[in-house]
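Here's the structure, in structure tokens; my notes come after.
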């Protein structure tokens with residue numbers, strides 16, 4: 001198992017009332033597995049997260065990218081800058 | 001060709017004269033100077049607000065702004081792209097976003113401006129939350 005922390009921001013953090021979520025993922029862990037685990041643990045995010053992407057170490061990552069415990073993960077959805 | 005990106009705490013200060021000069025350069029190549037400023041409106045969903053609270057995921061926000069700026073430079077053959085974005089609280093009426101583009105001809109700068117802002121709203125991890133005025137009732 002890989003323990004990962006996913007950072008949340010903006011409305012995603014507000015709805016979960018947390019700025020980070022800890023998850024345990026079976027190895028080899030991919031971004032898609034992280035997203036699946038995140039939405040399973042917090043289904044209230046699903047509706048808001050249409051088109052959501054995972055950033056790994058501050059860069060957008062494809063869903064098949066493998067992740068490691070030392071990676072910094074962030075859920076990027078509903079951005080609203082400008 | 002040049003790019004500058006800044007995330008600034010709070011509202012953006014008015015554009016200084018030297019910013020205009022720096023954008024235009026001294027070589028006489030710039031024929032167009034296009035400036036866009038985003039200003040915080042007084043209402044959100046028809047409710048009065050006192051301002052917007054911006055949250056940025058740094059340094060990714062900086063990196064994505066740099067990528068967008070360099071892409072705009074290349075795609076539209078621009079001379080310079082300078083972008084400022086606020087983080088933290090910005091009150092109603094204050095500037096929270098500024099994009100300044102120079103190019104040889106106006107069509108390049110105008111096209112780049114629109115494309116940059118559309119991409120910003122998709123790819124740059126910055127979120128805003130309305131801060132509503134307190135009711136007196």
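Each reported figure results from applying straightforward, stated rules to the coordinates on display, with no laboratory input. For clarity, every value in this text was computed on a predicted model and none was experimentally measured. FYI the Cβ positions are ideal-geometry reconstructions off the backbone, even for glycines, and counts take in every protein chain you see.
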Problem set entry | In the range B:119-131, the residues that are farther than 21 Å from residue B:91 by Cα, facing chain A (nearest Cβ under 9 Å) and surrounded by fewer than 18 Cβ atoms within 10 Å (Cβ to Cβ) | B:122
Exercise. Is it fair to say residue A:6 is within 14 Å of another protein chain (Cβ to nearest Cβ), surrounded by 17 or more Cβ atoms within 10 Å (Cβ to Cβ), assigned to a loop (DSSP other than H, G, I, E, B) and touching a residue at least 60 places away in the same chain (Cβ under 8 Å)?
Worked result: no
For this session: Restrict the check to the range A:65-82 and report whether at least one residue is under 30 Å from residue B:35 (Cβ atoms) and free of Cβ contacts under 8 Å to residues at least 12 places away in the same chain.
Result: yes
